[in-house]
Amino acid sequence: MIPFSKTLLAWYGDHGRDLPWRRTRDPYAIWLSEIILQQTRIAQGQAYWERFMERFPDVQALAGATEDEVLRLWQGLGYYSRARNLHAAAKQIAAQGRFPDTLEGIRALKGVGDYTAAAIGSIAFGLPAAVVDGNVYRVLARHYGISTPVGSAAAKKEFTALAQSLLPPEQPGDFNQAMMDFGAVQCTPASPACLLCPLADSCAALATGSVDRLPVKEKGPAVSTRRFDYIYLRCQGRTAIRKRGPGDIWEGLYEPIVCDNRSEAAEGVPGDSSPAAATAADGPEQPRLLRSVRHQLTHRTLLVDFYLWEPQQEPVLPEGYFWISEAELDRYAKPRLFELLLEEIPK
Ligand code: SF4
């Protein structure tokens, strides 16, 4: 075995993290963990994995759930397209009758890219496919002194080929998990533990004093800012919500009245021309500002004003909205932002 791989596996034997999905070869449990951890830290994701496994112990149970049910259980994890894809993929697997056991078959599942397919394939089925993600880029860039900017197509090719050449065919799952853990625990982005590193003797970055310069990063897309208002309408024990439509990061989730004067038509508040606005603008029953928040998404900063609007008379709702009893709100899956608004609403 290549010395790098041997050392890494020995380190993993001593320092690998003990996680519940590592105690099984059940591809469903492993797939679920990989999807949850795509954009979520382990500390947060583990509780969700346990909840999903309890509620949907196998792929048939997940496939038979409603989308609302899946989104509700996912609530708080963000990146809701992952939950929708998870649900769609469960239906694909249930229709096939068993979990696919080839890389192509796994890669064909909704929401599964190269990384996730390699992770599931190697861990659940022992397929010799190396994973490549931020941890792998960092460990390999430093250890082998590679300065190709990560994020480029050239880097993906180069790092994948290198990781693949290091992968011991008899232990692909352990090796991939060792790379993950080593990047997360030992060779961390800001403060790698080089003094205690078993790979220190062969590490090019350490030898050349370039640990903090590697990996080289490509500039990501600019972060844009968007402002809008979130209005909680309360009238005779009821409130109004709507379901987000297709093609949106919050597709399928429910939201309160949104007033966006900058990029969409204003809806349901004084100052616009909707029927609800006409009702509200008549009296002193103006929406009351509760709090302004800054909410960070990957490529967008949201600046949102939270309002509470309590008219005496039921206003006509903007298109797409419907009334529900306030007591029923728990039954609807919501983006984190709506939950934050609800925390401000007096009972
Ligand atoms: S010596 Fe430091 S930079 Fe090199 S692999 Fe070990 S932790 Fe990473």
Query raised in the report: Restricting the search to the range 38-76, which residues are open to solvent by 20 Å² or more (accessible area, probe 1.4 Å), assigned to a loop (DSSP other than H, G, I, E, B) and hydroxyl-bearing (Ser, Thr, Tyr)?
Result: 66
Report summary line: The number of residues in the range 82-99 that are open to solvent by less than 10 Å² (accessible area, probe 1.4 Å) and either farther than 25 Å from residue 68 by Cα or over 21 Å from the mean Cα position of the chain (by Cα) (or both) is 1
Report summary line: Looking across the range 209-241 at residues that are surrounded by 13 or more Cβ atoms within 10 Å (Cβ to Cβ) and among the hydroxyl-bearing types (Ser, Thr, Tyr), the single one that is nearest to the ligand (Cβ to nearest atom) is 210
Report task. For the range 196-219, enumerate the residues that are part of a loop (DSSP other than H, G, I, E, B) and either touching a strand residue (DSSP E or B) at 6+ places or on another chain (Cβ under 8 Å) or assigned by TED's automatic domain parsing to the domain that holds residue 15 (or both). Result -> 215, 216, 218
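Just name the residue that is farthest from the ligand (Cβ to nearest atom) out of those in the range 176-208 that are in contact with a Phe, Trp or Tyr (Cβ under 8 Å, 6 or more places away or on another chain) and of a type outside the set (Asp, Glu).
By that ranking, first place goes to 177.
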Query raised in the report: Are any residues in the range 125-156 open to solvent by 10 Å² or more (accessible area, probe 1.4 Å), part of a helix (DSSP H, G or I) and more than 16 Å from the ligand (Cβ to nearest atom), and if so, which ones?
Result: 125, 153, 154, 156
Query - Output for the range 145-160, where each listed residue is touching a strand residue (DSSP E or B) at 6+ places or on another chain (Cβ under 8 Å) and within 15 Å of residue 204 (Cβ to Cβ) - result: 159
Query raised in the report: Could you say which residue among 170, 251 is modelled with pLDDT of 95 or more, more than 16 Å from the ligand (Cβ to nearest atom), open to solvent by 20 Å² or more (accessible area, probe 1.4 Å) and not basic (Lys, Arg)?
Result: 170
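The values are calculated or read from the model by the stated rules, or taken from the named source; none is laboratory data. This one's a predicted model, so the numbers in the text were calculated from it and none came from an experiment. Every residue, glycine among them, receives a Cβ derived from its backbone with ideal geometry; neighbour counts consider all protein chains shown. Each accessible area value is taken on the protein alone, full model and side chains, heavy atoms only, with ligands, DNA and RNA left out. Shrake-Rupley method; radii C 1.70, N 1.55, O 1.52, S 1.80 Å.
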